[in-house]
Each structure stands twice: as structure tokens, then as C-alpha cells.
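Everything on this sheet refers to the single structure shown next.
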Amino acid sequence: MHDHLLSLPKSDLHRHLEGAVRPATIADICRDRGVPLPTYDPDELAKIVQLSGQVADLGEFLIPFRTIKMCFTDREAIARIAFEAVEDAHLDNVSYVELRFSPEFMAFYYKLALTDVMDGIVEGIETAARRYPGTTAKMIVSISRDLSEETMRMPWPTPIELARLALDYADRGVVGLDIAGRERGYPPELFIDPFRICREAGLGITAHAGEDAGPESVRGAIESLGATRIGHGVRVVRDPEVVALVRDRGVYLELCPTSNVLTRAVESLESHPVRYLYDAGVPITINTDDPTVCNVTLTHEYELLMERFGFTPGEIGGLVAASEVAAFGRD
């Protein structure tokens, strides 16, 4: 089964670049640049940046990023990180991947220009495209919904500025706009203008919703932002009307089974609604979220569906095809 799933050319539509950095690369970059870390041993560092089990909430899930952020030192480092993210996707026979990232988060610790982050990622992806022509990588810019100049106490780009940044790089591989971070207290309705700008310019619209908050967050992302995809969205099952809204509008849920358990978006793998949503006709895709932090591959996530939820090879093939249809940047 593993070999069969590995052999399938797959698409990953929800993969955070920040959560896809190899522990060995974090160690290499920080050692070479004199950045202090608790350890430079890749195996020991993996214990810090990879979760070993379910956490209390999304906030605790984000703790490993306090260490990961230390390696976003400069454009060269970011280019290496982006290249390796595509390389790892290629090794898992992922033929298409959308790498989403928060440029402001990647820039802030070392006070990089946002264009340094963007140019580094573009450089890494372009290098990977030459090395691995069978894997196509595109970019989604994520707005950190809970971070601002007020909360960070330092100059911080506004959501409008980030939307314009995404549009500036639309001809270099940016295919969508996203919001991520803590949902509670930061509903989609606060971000109507930046999403309107990108939507009207033709970028794809996705939004983290129904992971850290309830189904009302999913409704808001669809009705206020025009989202055609929802990051996670597992809590839609709490409201049949929102389930119907997602199904009837053909909005794809970007499910990430292992991550959904680790963040406690669902209480256990057994209670994950992937089978219910599939049987109810809700469009779904299967994704990794944060391959390093969650210690998963896309092949592993499909294995879970077959082993724990009874998905047949034919159904898996249908899900793989659904991801191709839902992609923002496939030619």
C-alpha cells in the first residue's frame, strides 16, 4: 500500500514553508551564522521542532516555530529552505505543491525586507524547478491575522500591504492569498479589503477557518472573503447549515488529518470527520500542513485514510484528482 501511494503523483495544497524546514538545515544555517540554538545536533533539534503528540491548543502547536524562526537569517538561507521544501515534496512524489508562508513572520526577527523573503523563496523554487522538473511549486502569501504593529510593538506591514505584495509577485509564482494564526478574536470580516483586492485581480482565495474557531469562521471566510478553499475547516461539522453551504458552493476543505489531531482541532484521529465529510459530498483535499512539525509526508496522510477510515484505492484516486482540480496554479 505504501509503495502504491508513494507512486501516485500527488498535490499538496496546504503546506506551510515555515513548517517544512529540515531540522538539519536549521542547525546548519544557525551554526554557520553564529546563531545560538539549544543544540546543533539534528536529531536533538528534531525533538524540539517536531511534536511528539497532541497539544493543548493551536497556541501550543506554534511553539516549535520559536526555534524555526531563527534560521530565516537572510535571502540565501531562505532560498535554501524553499529549495529543500520542493525537493522533499519531489521525494514524496508530490508533483504539485503550493507553499504558503507569512512573509512578515519570516522577515521580522532579522529585520529583513519583505522583498528579501519573497526573492529568496522565488530563487529557491526556481532552482528546484531546474533540478526537479517533475514537481511544480507555487506560492500563497499568508496574512498573520493575529499579528500587527500594535501586538508586535514594532513596524509591521498591514494586511493591505501584504495583499499588494502578493500581487507584485503574481508573475513570479504567487497564486493565492490566505490568512492564518489564531482565529478567535480575529474573524474573517476584519480582512475584507485585502482579499477583495486580490480576488478581483484573479488570485485564489483560501483562509484558515474552522480549526481554532467554530463553523461561523468558515461561513465568514466564504461569504466575506470569497474563499473557494478553506484551510482545515474540520469544525464545520458542528453546524449542518455550514456543511451544506460548503458543499453547495463547491468550496474545498484543505484537510490535514495528523495536524488536525495535534492541534486538537479534533479530539482524536478516530473522531476526525474526513469520512463523514467525504460521504456527505463535501469537496475535500488531503494535505500535510507542516511536514516537519507534524513529522508527516503526504503519502503518510493518504495511508491514514486507508488504514483508519476505510478509504478504497479508487476513493484515494478521486481525492488525488480533487486536489488537482482545486489547485490555484496548475496550468
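The values are calculated or read from the model by the stated rules, or taken from the named source; none is laboratory data. The structure presented is a predicted model; accordingly, all values stated were derived computationally and were not measured. Using ideal geometry, Cβ is built from the backbone for each residue, glycine included, and neighbour counts are taken over all protein chains shown. For the accessible areas, the whole protein counts, side chains as well, though only heavy atoms, and no ligand, DNA or RNA atoms are used. Shrake-Rupley method; radii C 1.70, N 1.55, O 1.52, S 1.80 Å.
If you wrap a convex hull around the Cα atoms of the chain, how much volume per residue is inside, in Å³?
125 Å³
Rank by packing, highest mean first: peptides 318-325, 70-77, with packing defined as the count of other Cβ atoms within 10 Å averaged across residues.
Packing proxy ranking, top to bottom: 70-77, 318-325.
Would you kindly give the portion of the calculated P(r) for region 217-277 that falls above 15 Å, as a percent of all Cα pairs?
The share of Cα pairs beyond 15 Å in region 217-277 comes to 44 percent.
Sorted from largest down, what three extents in whole angstroms do the Cα atoms of region 69-135 have along their principal axes?
Rounded to whole Å, the extents work out to 35, 17, 16 Å.
Let me know the charge dipole size of the chain about its Cα centre in debye, to the nearest 20, where only the beta-carbon of Lys, Arg (+1) and Asp, Glu (-1) is charged.
240 debye
Would you check the accessible area of residue 147, probe 1.4 Å, heavy atoms only, in square angstrom rounded to 10?
We get 50 Å² for residue 147.
Looking at region 103-192, what % of the alpha carbon pairs are farther apart than 19 Å?
So the pairs more than 19 Å apart make up 44 percent of the total in region 103-192.
Calculate, in nm to one decimal, what residue 307 and residue 271 gain on full extension: separation in residues at 0.36 nm each, minus their alpha carbon distance.
11.5 nm
Expressed as a rounded percentage, what relative contact order does region 36-115 have, with Cα pairs under 8 Å and six or more residues apart?
Once normalised by length, the contact order is 25 percent.
Between residue 196 and residue 295, what length comes free when the chain is fully extended (0.36 nm per residue of separation minus the Cα-Cα distance, one decimal in nm)?
Length difference between fully extended and current span is 32.1 nm.
Would you tally the net charge around residue 311, using a Cβ to Cβ cut-off of less than 12 Å, leaving residue 311 out, and scoring K and R as +1, D and E as -1?
Here the count lands on -3.
Whenever you get a sec, line up 3, 119, 193 from highest to lowest accessible area (probe 1.4 Å, protein heavy atoms).
3, 193, 119
Give me the mean projected area, in nm² to one decimal, of the convex hull enclosing the Cα positions of region 169-318.
Mean projected area of the Cα convex hull: 9.2 nm².
Which of 15, 308, 100 ends up with the largest GNM mean-square fluctuation for the chain, with Cα atoms connected below 10 Å?
308
Specify the residue with the greatest mean-square fluctuation among 18, 87, 44, computed from a Gaussian network of the chain linking alpha-carbon atoms under 10 Å apart.
Among 18, 87, 44, the largest mean-square fluctuation in the Gaussian network model of the chain belongs to 44.
Give the carbon-plus-sulfur fraction of the accessible surface of the chain in %, rounded to a whole number; probe 1.4 Å, heavy atoms of protein chains only.
Here it works out to 50 percent.
When you take every Cα atom in region 1-94, what is the radius of gyration, and what is Dmax, the widest Cα pair distance, in Å?
Here Rg and the maximum Cα pair distance are 14.7, 44 Å.
For region 129-226, with the dipole built from +1 on Lys and Arg beta-carbon atoms and -1 on Asp and Glu ones, taken about the Cα centre, which of 136, 209, 175 lies farthest toward the positive end?
Most positive-ward Cα: 136.
Give me the count of lysine pairs in the chain whose alpha carbons sit under 25 angstrom apart, restricted to pairs 8 or more positions apart or on different chains.
Final tally of qualifying lysine pairs is 5.
Accessible area per residue for the chain in Å², computed with a 1.4 Å probe and the full protein assembly in place, what is it?
About 39 Å² of surface per residue is accessible.
Please turn the phi angles of region 30-36 into ³J(HN,Hα) values with the Karplus equation 6.51 cos²θ - 1.76 cosθ + 1.60 (θ = phi - 60°), one per residue in order, whole Hz, x for glycine and proline.
Values per residue, Gly and Pro as x: 5, 5, 5, 9, x, 8, x Hz.
Direction-averaged shadow area of the convex hull around the Cα atoms of region 109-159, nm²?
So the mean shadow area of the Cα hull is 4.4 nm².
Can you work out the FRET efficiency for the pair residue 158 and residue 129, with r the C-beta to C-beta distance and R0 = 22 Å, to the nearest 0.05?
0.10
From the helices alone, meaning DSSP H stretches of at least four residues, give me the mean residue ellipticity at 222 nm for the chain, per-run term -39500 (n - 2.57), in deg cm²/dmol to the nearest 500.
-13500 deg cm²/dmol
Quick one: compute the contact order of region 256-331, relative version, from alpha carbon pairs under 8 angstrom and 6+ residues apart, as a percent.
Relative contact order comes out at 29 percent.
Over region 16-65, what is the relative contact order in whole percent, taking alpha-carbon pairs under 8 Å and six or more residues apart?
33 percent
I want to make sure I understand the PRE zone here: with the label point 7 angstrom from the Cα of residue 168 toward its beta carbon, which residues in region 111-137 have backbone N atoms less than 17 Å away?
111-123
Over 28 Å, how big is the tail of the calculated P(r) for region 85-242, in percent of all Cα pairs?
Taking all Cα-Cα pairs of region 85-242, the fraction more than 28 Å apart is 23 percent.
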